[in-house]
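Notes for the one structure printed next.
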Amino acid sequence: MIYGHGDDVFRYGDKVKINFSSNVYSQADYTELKEHLMQHFDVVGHYPEPDAHTLECLLAEKLGVKENTVMVTSGANEAIYLIAQLYKGWSSIIPQPTFSEYEDACRMFNHIISYDVKDEFDVLPKDRIYWICNPNNPTGNVLVKGMLNHIVRNHPRYLYVIDQSYADYTLAPMLEPKEMTDVFNLMLVHSLSKTFCIPGLRLGYIVASPIIIGRLKQIRQPWTINALAIEAGKYLIENHIQMIPDLKVYLQETMRLHANLSTIDGLKVMKTDTNFMLVSIHNSTAIELKRWLLDNYGILIRDASNIRGLDSNYFRVTTQQPEENDLLVEAITAYVDHLNEVSD
């Protein structure tokens, strides 16, 4: 789904005034990072490290794990596709709705795919992977850390890919790599792009057993991480840069937005544990709402109708600044009023 993701702001250019479609915090201050990259811009004149090893070492030290258990990738997306490639032809269980790239990657590498966890023990072959997005995109819900730990440890025959790309956008406890060093059937996927609000630089990583990391590195292409991305990652980690604001305050604003959207007639707003939320609109489609908001307010939302398990009524929004959130509520209220006037 190359063009099916959110944050399709590239389609609309200056028409977008407020972007609610991306899950990444949009008000990050890049001043220090810009200055650093300009001072080190000459790195573009040389090939980068073929495997971003220096950045992997920094990450391992930060996470409290061994270097040979960490692999830096070009965003979490490269991690997903490499894992699917390594286990080509396996069975994959992908509970829905969730991030579509798990399914796309598994289809590319001929996995037998199931979307229901309940009936798989008797149906699927024994070689299987469970893909778990936690916090989950697009729903925003979080699975209990203790439950995940119990499941992974008590089913050592199966492999678990737990994508924690949005871990920095929730207060719920997450699985910590240093706590899972004795678990060999687990791959933790993370996104530095989201942690540091730099999705355009594409940085992610996998933490897994040395055997799995070694096999993944054997199949990956060299130089998938460009020199500026490596330099940015090193700078941000070494200097403990914080791009996301006070999370407690940010999520309080999310709850305020959730409450205000819930007052609009015809909307159903799903519970969330993160900075984004899934919403269903009655008597309209998400794409119609998206077009209307863009044309009348310059507001971009995420049409979620192309996500398996959701219908044409679903969209997703991410918390912005309070005044922008208020404008979103005002705009959707105006749209609902417009629908009522047309139907009358």
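If only residues of the stretch 174-200 that are open to solvent by 40 Å² or more (accessible area, probe 1.4 Å) and of a type outside the set (D, E, K, R) are counted, the one that is farthest from Ala79 (Cα to Cα) is Thr181. Just so you know, in the stretch 152-170 the residues that are in a helix (DSSP H, G or I), touching a residue at least 12 places away in the same chain (Cβ under 8 Å) and out of contact with any helix residue (DSSP H, G or I) (no Cβ under 6 Å at 6 or more places or on another chain) include one that is surrounded by the fewest Cβ atoms within 10 Å (Cβ to Cβ), and it is Arg153. Restricting attention to the stretch 240-262, and to residues there that are of a type outside the set (A, V, I, L, M) and free of Cβ contacts under 8 Å to residues at least 24 places away in the same chain, which single residue is surrounded by the fewest Cβ atoms within 10 Å (Cβ to Cβ)? Top of the filtered list is His240.
Counting only helices (runs of 4 or more DSSP H) that sit completely within the stretch 36-120, those holding 1 or more residues that are in contact with a Leu (Cβ under 6 Å, 6 or more places away or on another chain) and closer than 24 Å to Ile230 by Cα correspond to 75-86. If you go through the stretch 13-52 and keep only what is closer than 20 Å to Arg220 by Cα and in contact with a helix residue (DSSP H, G or I) (Cβ under 8 Å, 6 or more places away or on another chain), you end up with Tyr47, Pro48, Glu49, Asp51, Ala52.
For the stretch 22-41, filtering for residues that are more than 14 Å from Cys197 (Cα to Cα) and either surrounded by 12 or more Cβ atoms within 10 Å (Cβ to Cβ) or within 25 Å of the chain's Cα centre (by Cα) (or both) leaves 4. Figure legend. Inter-residue proximity from the stretch 289-300: first residues closer than 14 Å to Asp8 by Cβ, second residues among the small types (Gly, Ala, Ser) and open to solvent by less than 10 Å² (accessible area, probe 1.4 Å), beta-carbon distance below 9 Å, spacing 6+ or different chains. Indicated pairs: Lys290/Ser21; Leu293/Ala331; Ile299/Ala331; Leu300/Ser21.
Considering (1) at pLDDT 95 or above; (2) more than 22 Å from Tyr169 (Cα to Cα); (3) of a type in the set (D, E, K, R), the lone condition that Glu323 does not fulfil carries the number (2).
The values are calculated or read from the model by the stated rules, or taken from the named source; none is laboratory data. All values reported here derive from a predicted model rather than from experimental measurement. Every residue, glycine as well, gets a Cβ built from its backbone with ideal geometry; the counts of neighbours run over all protein chains shown. Just the protein is used for accessible areas: all its heavy atoms, side chains included, with ligands, DNA and RNA removed. Shrake-Rupley method; radii C 1.70, N 1.55, O 1.52, S 1.80 Å.
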